[in-house]
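Everything below concerns the one structure shown next.
The values are calculated or read from the model by the stated rules, or taken from the named source; none is laboratory data. As the structure is a computational prediction, the values presented were derived from the model and not from experiment. Here the Cβ is made from the backbone with ideal geometry for all residues, glycine too, and neighbour counts use every protein chain on show.
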């Protein structure tokens, strides 16, 4: 009896050992990558001296060979404002749209549903020329409104589709019960449907925020000056036309600075993000 | 009083096809009455309830609550309480807030509505569970929360949609008694939808049996059981089901007999009114408990071969036939276990004549004795 337990324990130990080795092997490259990123930002590759010169953008303007990196905080502030604005607009449109797709029967629903899928298939780069001319016609090119609209529009189909899945999972019974219990249609939506879909709404908000936070392409195409610059755009500016990187040290420092808020955000929203694995599948109550 | 008048409900499947869910329902439910809507799945019973709740709109026909037509009244203005099959408890709210939810919609102040919740919760033994979330409750507890939520706004009508189908058998008995007791105490007009005939018979004052969107019969459990209006009701109610023997009605001396391919069952009845059914296709229905063993020389004795005996405790269920051909000719009999009946015996039995139902197969199985 006790022998058996010992054997079982030994097996568990061996299994745990194997699993840990595998995990270490798998994560080692990633950890090395971060290590390299961090050391490059503080160690001078020529002399081997440690210096925080590359992090200068935290305190003052940095003058590299051909471009000037301004002090970082206004750019960070602008990036966050932009991301929040896009997130809110995206959510405000996606929630009612997804609810309608989930619950209502209207003419052309099937076609529109297929459309959501279809529009997901295009990388936004391929439709950028058309979008550019559209914005020119609407006088929105080179404006922040234009960028926000395009950013929201390109992520909406995907988010409506994801959110529809979450609404589909809410049984009709909840809504019927609320109606019988004295709610209006809107009251039902507000008091019963929305609270039941918080995880889904959280998921698309995270998606929207992260995507807007790392947006640079739209600013490059649709804005002709540096008056609106996100962190990602700033990094992009450090790439030269032939693909070389202007200054490795400054680039890595900026990359780490860029990544920290995202990492913090991920840690805070981890539980929410885990629910993404349920997308499309039916959740059991 | 609830009155349903010529209720019709059709669903559009596509441009050419409509599915008829309800095909002319007429029903009148008295105040304080407990009515069950009973039928096989897809018979339209839940659709009827949904229309009563106002969740679905009728295609045509009228619903009266009292004297008022409520066809276009929103569910929230109908003053109904409803329990769903899934209970539909709001997962993000505590038990207390679930029960208080309808009161909150009436803009009742918080302290007052929580006081009311305490009172209702006490009547369904939920007082200790008020701070839990619905997912932390067992099935029976969830069911009670759903009941409490339906009752706390003191509705005029209570609608129950298969409220016990997710409970285990033992719990069902308790819950059913509780529901009945509550209903009687509050004198609440209640409609329950169920596919469980035992439940319907036990709990309801009157039962409406539905099939294919039509009410087949509406009456007290006893009426339905003893005088089924047609073959469907006869077949549907009772467990084990009523014995049905189809055949031609023929004369047999002073009496009648049913002759089918497989069997001859004598009907010891002198009723002259049966003459007009002679040589017509009819079906005889008799409950297993209305057949009994008798003496060999009893003048009403008919002989059957026993093919199966099942023990039901104090009684036995005997399956028997009077010819060796075919399967359809068997009868089931339930009798006391004092009779020493074994498989292979040939035993004399007689049918309790006054309990026989005859159905006219040329008129959709209508009961001959009921107009």
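Results for (1) at pLDDT 95 or above; (2) more than 22 Å from residue B:48 (Cα to Cα); (3) outside any loop (DSSP other than H, G, I, E, B), shown as yes or no for each residue.
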site	(1), (2), (3)
B:76	no, no, yes
B:86	no, no, no
B:91	no, yes, no
B:107	no, yes, no
B:113	no, yes, yes
B:120	no, yes, yes
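Under the condition of being touching a residue at least 40 places away in the same chain (Cβ under 8 Å) and more than 22 Å from residue A:202 (Cα to Cα), which residue from segment A:74-88 is surrounded by the most Cβ atoms within 10 Å (Cβ to Cβ)? Out of the qualifying residues, it is A:75. Quick one: how many residues across segment A:155-203 are surrounded by 17 or more Cβ atoms within 10 Å (Cβ to Cβ), facing chain B (nearest Cβ under 9 Å) and in a loop (DSSP other than H, G, I, E, B)? Adding up the residues that qualify gives 3. Screening residue B:74 on (1) in contact (Cβ under 8 Å) with a residue 12 or more places away in the chain; (2) more than 30 Å from residue B:133 (Cα to Cα); (3) surrounded by fewer than 17 Cβ atoms within 10 Å (Cβ to Cβ) shows it passes everything except condition (2).
What are the residues in segment A:89-126 that are under 12 Å from residue A:150 (Cα atoms) and surrounded by fewer than 15 Cβ atoms within 10 Å (Cβ to Cβ), if any? Reasoning before the result, please.
Within segment A:89-126, the subset under 12 Å from residue A:150 (Cα atoms) is A:89-90, A:124-125.
The answer is A:125, and nothing else.
Being assigned by TED's automatic domain parsing to the domain that holds residue B:201, touching a strand residue (DSSP E or B) at 6+ places or on another chain (Cβ under 7 Å) and not in a helix (DSSP H, G or I), is that true of even one residue in segment B:147-155? Yes: one or more hits.
Residue B:81 meets all of the listed conditions (1) in a strand (DSSP E or B); (2) within 14 Å of chain A (Cβ to nearest Cβ); (3) out of contact with any helix residue (DSSP H, G or I) (no Cβ under 7 Å at 6 or more places or on another chain) but one, namely (3). Of note, residue B:56 satisfies the criterion of being closer than 29 Å to residue B:224 by Cβ, modelled with pLDDT under 95 and part of a loop (DSSP other than H, G, I, E, B). Pairing residues of segment B:89-103 that are not assigned by TED's automatic domain parsing to the domain that holds residue B:144 with residues that are surrounded by 24 or more Cβ atoms within 10 Å (Cβ to Cβ), at Cβ distances under 7 Å and at least 6 apart in sequence or on separate chains, gives no pairs at all. No other residue among B:38, B:93, B:49 is within 13 Å of another protein chain (Cβ to nearest Cβ) and in contact with a strand residue (DSSP E or B) (Cβ under 8 Å, 6 or more places away or on another chain) apart from B:49.
From the list B:210, B:274, exactly one residue is surrounded by 17 or more Cβ atoms within 10 Å (Cβ to Cβ) and outside the structural domain of residue B:292 (by TED's automatic domain parsing). Which is it? Please lay out each step first, then the result.
Details: B:274 fails: outside the structural domain of residue B:292 (by TED's automatic domain parsing).
Checking each option against the conditions leaves just B:210.
Between B:313, B:285, B:247, the distinction of being exposed (fewer than 12 other Cβ atoms within 10 Å of the Cβ) and either within 29 Å of the chain's Cα centre (by Cα) or assigned to a strand (DSSP E or B) (or both) belongs to B:313 only.
Set side by side, the residues B:157, B:87 differ, and just one is within 22 Å of residue A:193 (Cα to Cα) and either crowded, with 18+ Cβ neighbours inside 10 Å or more than 14 Å from chain A (Cβ to nearest Cβ) (or both), which is B:87. Screening segment A:212-285 for helices (runs of 4 or more DSSP H) wholly inside it with 3 or more residues that are surrounded by 18 or more Cβ atoms within 10 Å (Cβ to Cβ) and modelled with pLDDT of 80 or more returns the ranges A:217-222, A:231-237, A:248-268.
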